[in-house]
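What follows is a single structure, written as C-alpha cells, with notes after it.
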Amino acid sequence: MQDDSGPRPEIQQVEGFSSPPKPESAVGTEPLRPAEVIRFPTRHNAVLKQVLARINADEDLHTIWRCQNINAVDRLGMSDHGPIHMQIVVNIALRLLRMLVASGLTPNLVKDHQLTSDDAEVVVAMAALLHDVGMSIDRVNHEEMGIFLAHHKAMELLDGIYPTVPKRIVVSETLHAILNHRSDGHPLTLEAGTIRLADAMDMAKGRSRIAFEAGHMNIHSLSAAAIDAVEIKEGETKPVRITVHMLNAAGLFQLDELLKKKLKNSGLEPYVEVFADVLGEADKRLFETYHL
C-alpha cells in the first residue's frame, strides 16, 4: 500500500501526519501562527485542495477554534480543542478513510448517493475540522450545538464548489459525522465512523480526550500521560492496525475507557485491530502485547 504520509510532526507522534508548515497565509491582518495553519495531503483531490485553501483563509473559522480552546483550556483547565487538535484529527481521519477504501470498502457517499471517494474525503475533512465547533459555546451538549454552527460554516465553505444537490448531500453527511462523534453516538456511515475513531486517537504525549471528559486530575490524567505514541499501519488480519506505545501500564485505562468505547458502535470494528505495548522495562513483565 502506498504511504501518503509527510514528515513526522513535532506535535504528536502518529504515523501518517503532515506537520504544520510555517505561516504562509493570513487571517485578517494577523498572520496565522504555525499551529493554526491546517495541512493534510490532498493527493489528486482538486475539490479537497480548494476546500483546504478556503479553510486556511477563513478568519471566522479560526476564531471559532480559538473560542473552543478558551472554553476548554483557559476556563475549564482541560485538554486542547483548538487548531492542533483539528490538525491531528483531520490527518488521522483521512488516513483511516484512505486505508479502508484501499482495502476495498466503499464510502457511503459512493454507495448511497452515487458521489465519489473524493467527495467522501471532503466529508471526512470537513467533519474533522468542524466536529468541536460547539465547544465555542459550551462543553455540555457541544455535539448537538455544533451541528448548527457547522451547518452554516460548511455551506459557506462549499459555496460555488458544488451544485445544490451534491452540496446538500456533502453537508448532511458532514453533520451526521459531527453529531455521532459523541461518546454515545452510532455512526451509520464509513465516513462518520472514521471521525469517531480519529477523535479518540489524539492521545499521544498526554493529549487524550479522556482527561477533558473527566474534568479533574486522577487516573484519567495519569493514564493519559502514559501514552507515548500511536501508529497507524496496514493490519495483518484487518485492513488497519493501530498500535499504541505506552510508557507504563497505566495507559491501558485510556484504551479501555476511550479508544475501546469509541471503536465500539463506530461501524469500523470489523476493519480495525488495536494493539498496545509498553516501552518501560518495569511494566513489560505484566504483559507482552495488549490486544483490544
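Brief remarks on what is shown
- Once C-alpha pairs closer than 8 Å and six or more residues apart are averaged by separation and normalised to the residue number of region 26-291, the relative contact order reads 16 percent.
- Per-residue 3J(HN,Hα) values for region 104-112, derived from phi via the Karplus relation 6.51 cos²θ - 1.76 cosθ + 1.60 with θ = phi - 60°, read x, 6, 10, x, 5, 5, 7, 5, 9 Hz in sequence order (x marks Gly and Pro).
- Built amide H within the under 5 Å cut-off of Glu234, gap 5+: Arg241
- Sorted on the mean count of surrounding Cβ atoms within 10 Å across their residues, most packed first, peptides 222-231, 194-203 read 194-203, 222-231.
- Cα→Cβ-extended label distance, 7 Å offset, between Lys233 and Asn141, nm: 4.5
- Entries of Lys233/Lys262; Lys153/Lys205; Lys153/Lys233; Lys49/Lys167; Lys111/Lys264; Lys205/Lys238 with Cα pairs more than 25 Å apart: Lys153/Lys205; Lys153/Lys233; Lys205/Lys238
Every number here is computed from the coordinates shown, using simple stated rules; none is lab data. Predicted model only: the values in this text are computed from it and were never measured. We place every Cβ from the backbone using ideal geometry, glycine too, and count neighbours over all the protein chains shown.
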